[in-house]
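Novice: Below you will find the structure I want to go over with you.
Values in this text are rule-based calculations from the coordinates and carry no lab data. Only a predicted model underlies this, so the values are computations on that prediction, with no experimental measurement involved. Glycine gets a Cβ as well: all are built from the backbone with ideal geometry, and neighbour counts include every protein chain shown.
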């Protein structure tokens, strides 16, 4: 990487470069070359140019190191239902000049920051290349398809949970109301995140506070229970 400072003074000018407020010894030309970026030479670069009358600093040039771990893929894990489009987005911590999404055979399928694949089954791996100036990093994500039906025998007759995938509000519809009927929202690890008392044959539960991903809804009363896998988008 090369940084350049330009003076429009007609008089003799001297230059001095600084990094994060510290003088860079020996860097006294209008051009500063950074042969290899690492954690020790990123930050705020400023060059002062001086003549007999004054010393003036340039604007600050922020230099950041972009690594694959800095690029966030959302949602992660990227899981969807058969035939349901899923938008997968690459988020760069620095201003990105370009994006390039490829599949396993190297075919470029998009140059946007997000893709929206629709899969009927299985899983597909994608690689996104994120460029910022002359720097480029790559990271990968696998989009997989999962069954979105109940995963346990439906002991509560004709209970339905919809929509699936869901964005904010999920509805639980019951054919009949039972006393003490509850719905647990569980993580994939089985941890109960939220419990709601179902006091109507059609109850709406907000999932807005949860991150995107896979969750389970366990509807239960006494020995009767049904568990449903849902995808929060």
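Novice: Return the only residue of 72, 87 being exposed (fewer than 15 other Cβ atoms within 10 Å of the Cβ), under 30 Å from residue 231 (Cα atoms) and free of Cβ contacts under 8 Å to residues at least 24 places away in the same chain. Show your work before the answer.
Specialist: Working: 87 fails: free of Cβ contacts under 8 Å to residues at least 24 places away in the same chain.
Selected residue: 72, the only one of 72, 87 that is exposed (fewer than 15 other Cβ atoms within 10 Å of the Cβ), under 30 Å from residue 231 (Cα atoms) and free of Cβ contacts under 8 Å to residues at least 24 places away in the same chain.
Novice: How many residues does segment 160-197 contain that are closer than 13 Å to residue 219 by Cβ, within 34 Å of the chain's Cα centre (by Cα) and not in a strand (DSSP E or B)?
Specialist: Selection size over segment 160-197: 0.
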